[in-house]
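Have a look at the structure that comes next, please.
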Amino acid sequence: MTGEVPAYGSLRDRLASILIGGSAVLAVLLFFVVRGYAAQVAQEGQDSILSASVSSILDAAVLRDGAIELDFPYASLSMLSTASDDRVFYAIYEDGTLLSGYGDLGDTPAVAGDARTFASLDYDAATVRVATASRTLIGADRPRRVTVRVAQTQDALAETLNQISRNVAMFGLGFFALATVLAYWATSTTIGQLSRLTTSVTRRGPQDLSPFLKPVPREMVPLVGSLNTLMVRLEHSLKQSEDFIVEAAHRVRTPLATVRSYAEATFQRVQEPENRTALRAMMRAIDESSRAAGQLLDHAMVTFRAENLEREEITLDAMLRDLVERMTPIAEMRDVTLRLDSDGPAVLRGDAVLLQNAFRNLIDNALKYAPVDTAITVRIRATPQLSVDVIDEGRGFSPDEIDILATRFVRGHDAEGHIGSGLGLTIAKDVATAHDGTMVLSNTQKGGACVTLRF
Amino acid sequence: MKYLLVEDNLELAHAICARIGLDGHMVDHAQTIGDAVDFARIGAYDLILLDIMLPDGDGRSFLKQHRAENNDTPVIVLTARSQVSDRISMLDLGADDYVTKPFDHAELQARCRAVLRRKNGTAQPTTRIGDVEFDPVGGYLTVKGTTLNLRNRELRLLELLINARGQVFSKQSLVDRLFSYDDDVSENAIEVYIGRLRKHLEGSAVQIVTLRGLGYRLDHDG
């Protein structure tokens, strides 16, 4: 019985995707934050140099003879030199009028205000950073306001930023990779607990309904708890139906046995043919019904156990010796000899109950059809392939029926006069199939029937 | 032979007793495990037939007590189930064999015989008539010092005739005893077995005589 359960998503996938998705978002966030911070720091660096440059130019401005004289040192601009050969622009205004430099470098500054300002703007096909500062010179007639503006392209800055971005990206990727590995590890340890429980459930035999006692993580306790409750209920109801079957069998078979015993005792005493015929029919009907019931139960049991095959090591020759010994009294009753022919220990991994049932049915069949004073041979061959033959010295299978005899409820045409349900060969065949084996029907050279189970 | 039957169903018990009595054996009947334990302690039984479901417990508990008392009288269980697992647990507890209800008495007899043979004997000694010695359990017939192993039907036929020496058996009654009701045999089949036994007994103190129109009888000198 394999229960098909519809699957909806996967806990493992869900857990893994949440963890991996989260770490991806974190990695991207980290990248932008670090890069933004780095850009800010780099900008502040450029701004302070620009500011120093502007200051040094402003410091050089003097008022001489009512005119502004500004002879700024070379260092004022050279301090701005970078590895990327960034271009530097400057402009000097007196009271809003351009004295020297690039007049188109931004708006004309306002006269008033003393604040030092920084701005980024596009100039000459590049982005430049502009620092502006003013200083008021007190002259004899009136104060003069000198404004100095220095600008620099941002190639070096961009270069530095790129480098930082690359490093941060590498770091982010590394973080992401590590987080992914951790996510997988965390997922498998969590799911592993579930898998272990699943394994211990599936590894159980069909008869094992004992509760799970191994400690499980706290979150799984309710699940295992309800599983155990289910087991208890299942065991209880199985036990109940088993008891019911036993009780029912007892209640039905005991009166049948009474009837049969009386019929047999009476049969020995009465002489009139019609009475004898009636009693014979009675005994036959009882035997028929009890045998049919037995075989139907056997067949149901075989079907059930074959689907949940429990394999253990079985010494086939010992099992068959036991079986032959048990069936010998019945064989003797009919003056039939039951022989076991074994070429050594034959070991098979399988279900003892099933195998015993199959062989009992085969020997039973052979006993039914074997003529008086003949022998039935149970032959076990361990090599080259493990096989068991049950051979009688009767009339054999009729060739046109040999293919259909193993079908459920089919009986041979010479079955008349023999009690049976037609399930014996079916049971044997089902058992062989459950053990990955085959059943072959054939006739011996002397004409007897031979049933071979190969494993 | 002496049997103890442990069976709570009175009807079935009567039927079994009647049938076993027909073969000339003695049967005591106990209805509960308690009675059965007492009976088994006192009576010297050759065999115990035990029903597995009894009013005061499981037949298995009787087996346990029985074996605990070192009583080695063979036990054949009468069960309503034929499941192998059930059988194994009963054999583990010391049952010697089992038959499934409803059972054929010929099969029960055959199983009893097999169990007794395996257990090596019975309280009943072998029958000795003149120079003929007959062991019904082992299946041996010794005639003038020569021991023969009898086939099952020969054995049962001889047992029947010897146990009721001097009594006349019709062919029909012999067929009924020797063959299953289901075996399609004519009365002539009996002649074959009588013929074989006569050959075995040739020149001994025991003869099987034919009474025309009546049947057969076992006679013996002395």
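A short reminder: the numbers here are calculations on the coordinates, not readings from a lab. Keep in mind it's a predicted model, so treat the numbers as computed, not measured. Methodologically, a virtual Cβ is constructed for each residue, glycine included, from the backbone with ideal geometry; neighbour enumeration extends over all protein chains shown.
What is the average number of partner chain Cβ atoms found within 10 Å of a Cβ in A:372-382? Walk me through the intermediate numbers first.
On the way: counts 8, 2, 0, 0, 0, 0, 0, 0, 0, 0, 0.
Counting other chains' Cβ atoms within 10 Å and averaging over A:372-382 gives 1.
With 24 Å as the cut-off, how large is the P(r) tail for the range A:22-162, expressed as percent of Cα-Cα pairs?
38
For the range A:90-235, take the convex hull of the Cα atoms, compute a quarter of its surface area, and give me that in nm², please.
Numbers: hull surface 72.4 nm².
Averaged projected area of the range A:90-235's Cα convex hull equals 18.1 nm².
Show log10 I(q)/I(0) for the range A:309-454 at q = 0.16, 0.17, 0.22 Å⁻¹, two decimals, from a solvent-free Debye sum over equal Cα scatterers.
-0.82, -0.94, -1.58
Moving to a separate point now. What number comes out for the charge environment of A:Arg349, summing +1 per Lys or Arg and -1 per Asp or Glu over other residues with Cβ under 14 Å away?
Once positives and negatives cancel, what remains is -4.
Separate question: Give me the one-decimal nm value for the distance between modelled label points at B:Val168 and A:Val232, 7 Å along each residue's Cα-to-Cβ direction.
About 7.6 nm, to one decimal.
Of B:Lys101, A:Lys446, B:Lys64, how do they rank once you tally other Cβ atoms within 10 Å and put the fewest first?
A:Lys446, B:Lys64, B:Lys101
While we're on this one: Under the Karplus relation 6.51 cos²θ - 1.76 cosθ + 1.60, θ = phi - 60°, what is the ordered set of whole-Hz ³J(HN,Hα) values for the range B:103-119, x standing for Gly and Pro?
Per-residue couplings from phi come out as 10, 8, 5, 4, 5, 4, 4, 4, 5, 4, 4, 5, 5, 5, 4, 5, 7 Hz.
Further question: Around A:Thr190, under 13 Å between beta carbons, what's the net of Lys plus Arg minus Asp minus Glu among the other residues?
Computed value for this residue: +2.
Considering every residue in B:11-19, what mean count of other chain Cβ atoms within 10 Å of its Cβ is obtained?
Details: counts 7, 10, 2, 4, 10, 6, 2, 6, 9.
Across B:11-19, the average partner-chain Cβ count within 10 Å equals 6.
Could you tally the net charge around B:Gly145, taking each other residue with its Cβ under 15 Å from the Cβ of B:Gly145, Lys/Arg +1 and Asp/Glu -1?
Overall, the nearby charge balance is -2.
Order these by the 10 Å Cβ neighbour count, fewest first: A:Ile427, B:Ile76, B:Ile16.
Ordered from fewest to most neighbouring Cβ atoms within 10 Å, A:Ile427, B:Ile76, B:Ile16 come out as B:Ile76, A:Ile427, B:Ile16.
Using DSSP to call loops (not H, G, I, E or B), can you name the trypsin sites (Lys or Arg not before Pro) in the range A:195-247 whose Cβ has at most 15 other Cβ atoms within 10 angstrom?
Qualifying residues, ordered by number: A:Arg203, A:Arg204.
Could you tell me the relative contact order of the range A:309-454? Use alpha-carbon pairs under 8 Å, at least six residues apart, and round to a whole percent.
Relative contact order for the range A:309-454 comes out at 23 percent.
Projected area of the range B:127-220, taken from the Cα convex hull and averaged over every viewing direction, in nm²?
Hull-based average projected area comes out at 5.7 nm².
While we're on this one: Calculate one ³J(HN,Hα) per residue across the range A:73-84 by plugging θ = phi - 60° into the Karplus curve 6.51 cos²θ - 1.76 cosθ + 1.60, and present them in order as whole Hz with x for glycine and proline.
x, 4, 4, 4, 9, 5, 5, 8, 5, 10, 5, 8
Rounded to the nearest 20 debye, what is the charge dipole size of chain A about its Cα centre when +1 sits on each Lys and Arg Cβ and -1 on each Asp and Glu Cβ? Working shown, then result.
Numbers: 45 positive and 56 negative charges, 287 e Å.
Roughly 1380 debye for chain A.
With the cut-off at 1.5 for a/c, could you classify the range A:217-369 from its C-alpha gyration tensor as rounded, prolate or oblate?
On the way: a/c = 3.99, a/b = 1.51, b/c = 2.65.
In terms of gyration-tensor shape, oblate.
Ok, one more. Send over the semi-axes of the range B:2-118's equivalent ellipsoid, whole angstrom and largest first, taken as the square roots of 5 times the C-alpha gyration tensor eigenvalues.
Working: eigenvalues 66, 54, 44 Å².
Equivalent-ellipsoid dimensions as semi-axes: 18, 16, 15 Å.
What average count of beta carbons from other chains do you get within 10 Å of the Cβ of residues in A:322-332? Can you show the working numbers first?
Values: counts 1, 1, 0, 3, 6, 0, 3, 14, 6, 2, 9.
Per residue, the average neighbour count from other chains is 4.
Moving to a separate point now. Could you give the length gained by full extension between A:Glu159 and A:Glu401, i.e. 0.36 nm per residue of separation minus their alpha carbon distance, to one decimal place? Mind dumping the intermediate values first?
On the way: separation 242, 0.36 × 242 = 87.12 nm, distance 9.35 nm.
Value of the extension gain: 77.8 nm.
By how many nm would the segment from A:Tyr37 to A:Arg311 lengthen if fully extended, with 0.36 nm per residue of separation less the alpha-carbon distance?
Working it through step by step, the gained length comes to 91.8 nm.
Just need the relative contact order of chain A here, percent rounded to a whole number, with Cα pairs under 8 Å and 6+ apart.
Computed value for chain A: 10 percent relative contact order.
In addition: Enumerate the calculated ³J(HN,Hα) couplings along the range A:223-229 in order (Karplus 6.51 cos²θ - 1.76 cosθ + 1.60, θ = phi - 60°), each rounded to whole Hz, writing x wherever the residue is Gly or Pro.
Result, rounded to whole Hz: 4, 5, x, 6, 4, 5, 4.
Per 10 Å bin, what is the whole-percent P(r) computed from every C-alpha pair distance within chain B?
7, 31, 31, 20, 10, 1
Could you pull the Cα extents of the protein assembly as shown along its three principal axes, largest to smallest, in whole Å?
So the extents along the principal axes, rounded to whole Å, are 181, 58, 47.
Which order do peptides A:87-100, A:173-186 fall in by mean Cβ count within 10 Å, highest first?
A:87-100, A:173-186
Among the lysines in the protein assembly as shown, how many pairs, 8 or more places apart or on different chains, have alpha carbons under 21 Å apart?
Details: A:Lys368/A:Lys429; A:Lys368/A:Lys446; A:Lys368/B:Lys101; B:Lys2/B:Lys119; B:Lys64/B:Lys119; B:Lys144/B:Lys199; B:Lys171/B:Lys199.
Close lysine pairs found across the protein assembly as shown: 7.
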